[in-house]
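S.K.: First the structure, which I've put down as structure tokens, then a few questions once you've had a look.
The values are calculated or read from the model by the stated rules, or taken from the named source; none is laboratory data. Here the structure is a predicted model, which means the values were calculated and not measured. Reconstructed Cβ throughout: ideal geometry from the backbone, glycine too, with neighbour counts over all protein chains shown. We work out accessible area using only protein heavy atoms, side chains counted, and drop any ligands, DNA or RNA first. Shrake-Rupley method; radii C 1.70, N 1.55, O 1.52, S 1.80 Å.
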Amino acid sequence: MQLQSCEIYFIEVMADLMEKIVSLAKRRGFVFPGSEIYGGIGGIYDLGPLGVELANNIKSAWWRNIVRERENVVGLDSSILMSRKVWHTSGHVESFADSLVECKNCHSRFREDILPKSENCPTCGKKDWTPPRMFNLMFKTRIGPTEEAADETFLRPETAQGIFVNFGNVVDTMRVKLPFGIAQIGKGFRNEITIGNFLFRVREFEMMELEYFTFPKQAERDFEYWQKERMDWFLKVGLNKKNLRFREHEETERAHYAIRSVDIEYNWPFMGWGELEGLANRTDYDLKAHSKESGRDLSYFDEASKKKIFPYVIEPSLGVGRTMLAILIDAYSEEKAPTAEKGESETRVVLKFHPNLAPIKAAVLPLVKDEKLIKIAKDIHKDLKREWNSMYDEAGTIGRRYRRQDEIGTPFAITVDFDTIKDKSVTVRDRDTMKQERVAVKKLASYLPDRLN
Ligand code: ATP
């Protein structure tokens, strides 16, 4: 297929955008390659000081929306390591696998659905593939000091199973009534065959999962409710509507436990539309299977009908890192801005995060390195730090310090100048409009919250 020149231009611009984001993420302390000093490790990344703040803000925005603002959803934090029986019963040992093809020439391996056999090997350029075979994505590990097969288990590939095995404990202790949800945030591990596209497909990642237990008859209606709720959340945290859509899965695509799956897709610069979050109707598959295998009855007693039932489960599930990547891509912007010298302009890079997600909420900057200004600025910074993640910076010209804050997405820069000594006011600069406003130091405590939430 011949690409049009405008298509080639578009692909180049998008590749360029990703390169800029990956470079900014490293340079400004958002994301570092895992074990970098030893040459890195495929599909593993570490979060730097700003990355961990951004991730924490994403997680707390999700937790607030899913757990704290609802009457019928509770939280849980189950262990990463679980009995191997869990993974046999859930069907993951049998079915959590991707189809893999291997290049006979250089032995590189790829996921068959990502790389059709009709294509040449991206590593060596030859076209000589093995027949596809299934590859289980779970990492094996062992519990205890022996090498016995009975001690073998897996790192969890989803947090959901920790919720299912605790279903009875939550019902007994919290007196929850159907429909209700159990939410959890935690690490998941998948030994992906083909990794890449930065945080999009990695081997260790945090997941945010809700298992919403409901009456089987009501499951379809609740599925649609959660579809809308989840899309609304992405819009609320600042993702651009035009980059989001739903995609219904074909029957052949669905996981072994699901009767319906819909993805919320994002328009990724490196691949076009692709999964950001998955919603699945997992039916009563997991609760029934664990009841049967463990001998513990995980059914629910419905007071109204006086019958025991196995609830259906609606599951919205997403990765923190994949969400962070979409947020970084949508927030990244380059624009012309005037320099300090009159008539000159330069390109400023801004991460236009929703203020709630911004890793640093305010930067406090003394206009110049003067003892009196430094003292006032440090006092303001100390005060703000009690409530907000504030940063103090006195190095370089004020223009350069503004640019540095723009690049990490700090919504407000607070400058202390010589007038501050007289009028007890500071200049507050808005990251997006670059407009400056004089605000009394005393009023800062209410000025920021009004604009950050
Ligand atoms: P994909 O089709 O991209 O492999 P999946 O259908 O296997 O994803 P789910 O099992 O639905 O993914 O996982 C729930 C969510 O976890 C995904 O929507 C995504 O946000 C995140 N996720 C899954 N696999 C990865 C991964 N390897 N790296 C980063 N995030 C992931």
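S.K.: What per residue convex hull volume, in Å³, do the alpha-carbon atoms of segment 22-65 yield? Walk me through the intermediate numbers first.
M.R.: Values: hull volume 3.5 nm³, N = 44.
In segment 22-65, the Cα hull volume divided by residue count equals 79 Å³.
S.K.: Let me ask something additional. What percentages make up the Cα-Cα pair-distance distribution of the chain when the bins are 20 Å wide from 0?
M.R.: With a bin width of 20 Å, the distribution comes to 21, 48, 27, 4.
S.K.: Same structure, new question: To two decimal places, what compactness ratio does segment 219-299 give when its Cα radius of gyration is scaled by 2.2 N^0.38 Å?
M.R.: On the way: Rg = 15.7 Å, N = 81, 2.2 N^0.38 = 11.7 Å.
Cα Rg divided by the expected 2.2 N^0.38 Å: 1.35.
S.K.: Now a separate question. Whole-Hz Karplus ³J(HN,Hα) for segment 203-211, in order, using 6.51 cos²θ - 1.76 cosθ + 1.60 and θ = phi - 60°, x for Gly and Pro?
M.R.: So the Karplus estimates, Gly and Pro as x, are 9, 10, 7, 8, 10, 10, 10, 10, 10 Hz.
S.K.: Pairs Lys236/Lys336; Lys228/Lys307; Lys177/Lys307; Lys140/Lys288; Lys20/Lys228: which exceed 22 Å Cα-Cα?
M.R.: Details: Lys236/Lys336 27 Å; Lys228/Lys307 31 Å; Lys177/Lys307 14 Å; Lys140/Lys288 25 Å; Lys20/Lys228 33 Å.
Flagged as over cut-off: Lys236/Lys336; Lys228/Lys307; Lys140/Lys288; Lys20/Lys228.
S.K.: So, one more: Under the Karplus relation 6.51 cos²θ - 1.76 cosθ + 1.60, θ = phi - 60°, what is the ordered set of whole-Hz ³J(HN,Hα) values for segment 277-285, x standing for Gly and Pro?
M.R.: With the stated coefficients, segment 277-285 comes to 9, x, 10, 9, 9, 8, 6, 9, 3 Hz.
S.K.: Kindly report, to the nearest 10 Å², the accessible surface of Met82 as traced by a 1.4 Å probe over protein heavy atoms only.
M.R.: 20 Å²
S.K.: For segment 137-218, taking Cα atoms only, what is the radius of gyration to one decimal and the Dmax to the nearest whole Å?
M.R.: Just the Cα atoms of segment 137-218 yield Rg and Dmax of 16.5, 48 Å.
S.K.: Taking H as built 1.01 Å from N, whose amide H comes closer than 5 Å to the amide H of Val364, not counting residues under 5 places away?
M.R.: It is Met391, Tyr392, Asp393, Ile414, by chain and number.
S.K.: What 222 nm value per residue comes from the helices of the chain, counting each DSSP H run with n ≥ 4 as -39,500 (n - 2.57) and dividing by all residues, nearest 500 deg cm²/dmol? Write out the running numbers ahead of the final one.
M.R.: Working: 13 runs with 142 residues, N = 453.
Taking each H run of at least 4 residues, the total per residue is -9500 deg cm²/dmol.
S.K.: Ranked by accessible surface with a 1.4 Å probe, highest first, in what order do Ile163, Ile374 come?
M.R.: Working: Ile163 0, Ile374 30 Å².
These residues rank, largest area first, as Ile374, Ile163.
S.K.: Quick one: pull the percentage of alpha-carbon pairs in segment 295-425 with a separation above 19 Å. Mind showing how you got there, number by number?
M.R.: Values: 5516 of 8515 pairs.
Tail of P(r) above 19 Å: 65 percent of Cα pairs.
S.K.: Sticking with this one: Sequence-distant or interchain residues sharing an amide H contact under 5 Å with Cys121, placed H: which?
M.R.: When sequence neighbours closer than 5 places are left aside, the close amide H contacts are Lys126, Lys127, Asp128.
S.K.: So what's the gap between the Cα centers of segment 177-227 and segment 344-421, to the nearest angstrom?
M.R.: If you average the Cα positions of each part, the centres end up 38 Å apart.
S.K.: Averaged across orientations, what area in nm² does the convex hull of the alpha carbons in segment 379-453 project?
M.R.: 5.0 nm²
S.K.: List the trypsin sites (Lys or Arg not before Pro) within segment 335-395 that fall in a DSSP loop (any state other than H, G, I, E or B) and whose Cβ has at most 12 other Cβ atoms within 10 Å. Please report the intermediate quantities before stating the final value.
M.R.: Numbers: sites: Lys336, Lys342, Arg348, Lys352, Lys361, Lys369, Lys372, Lys375, Lys378, Lys382, Lys385, Arg386; in loops: Lys342, Lys352, Lys361, Lys369, Arg386.
Those satisfying the criteria are Lys342, Lys369, Arg386.
S.K.: Mind checking Rg over Rh on segment 57-202, alpha carbons, Kirkwood formula for Rh? Walk me through the intermediate numbers first.
M.R.: Details: Rg = 19.9 Å, Rh = 18.3 Å.
Using Cα coordinates only, the ratio equals 1.09.
S.K.: Let me ask something else about it. For Thr123, Thr252, give the ranking by accessible area with the largest first, probe 1.4 Å. Show your work: numbers first, answer last.
M.R.: Values: Thr123 90, Thr252 135 Å².
Putting Thr123, Thr252 in descending order of accessible area: Thr252, Thr123.
S.K.: Another one. For Thr420, Thr339, what's the largest-to-smallest order of accessible area, 1.4 Å probe? Write out the running numbers ahead of the final one.
M.R.: Values: Thr420 5, Thr339 35 Å².
Result of the area sort, largest leading: Thr339, Thr420.
S.K.: Still on this structure, I have one more. Using Cα pairs closer than 8 Å and at least 6 residues apart in sequence, work out the relative contact order for the chain, in percent. Spell out each step's value before the answer.
M.R.: Values: 796 pairs, mean separation 54.7, N = 453.
It rounds to 12 percent for the chain.
S.K.: Now, a different point. Counting other Cβ atoms within 10 Å, keep those with at most 12, restrict to DSSP loop, and tell me which trypsin sites (Lys or Arg not before Pro) in segment 239-329 are left. Don't skip to the answer; put the middle values down first.
M.R.: Details: sites: Lys241, Lys242, Arg245, Arg247, Arg254, Arg260, Arg282, Lys288, Lys292, Arg296, Lys306, Lys307, Lys308, Arg322; in loops: Arg254, Arg296, Lys306.
Qualifying residues, ordered by number: Arg296, Lys306.
S.K.: Within 10 Å of each candidate Cβ there may be at most 14 other Cβ atoms; applying that plus a DSSP loop requirement, which GluC sites (Glu not before Pro) in segment 357-453 survive?
M.R.: Working: sites: Glu371, Glu387, Glu394, Glu407, Glu437; in loops: Glu387, Glu394.
Of the GluC sites (Glu not before Pro), the ones in loops of segment 357-453 whose Cβ has at most 14 other Cβ atoms within 10 Å are Glu387.
S.K.: Sorted from largest down, give the three principal axis spans of the alpha carbons of segment 193-341, whole angstrom values.
M.R.: 78, 36, 28
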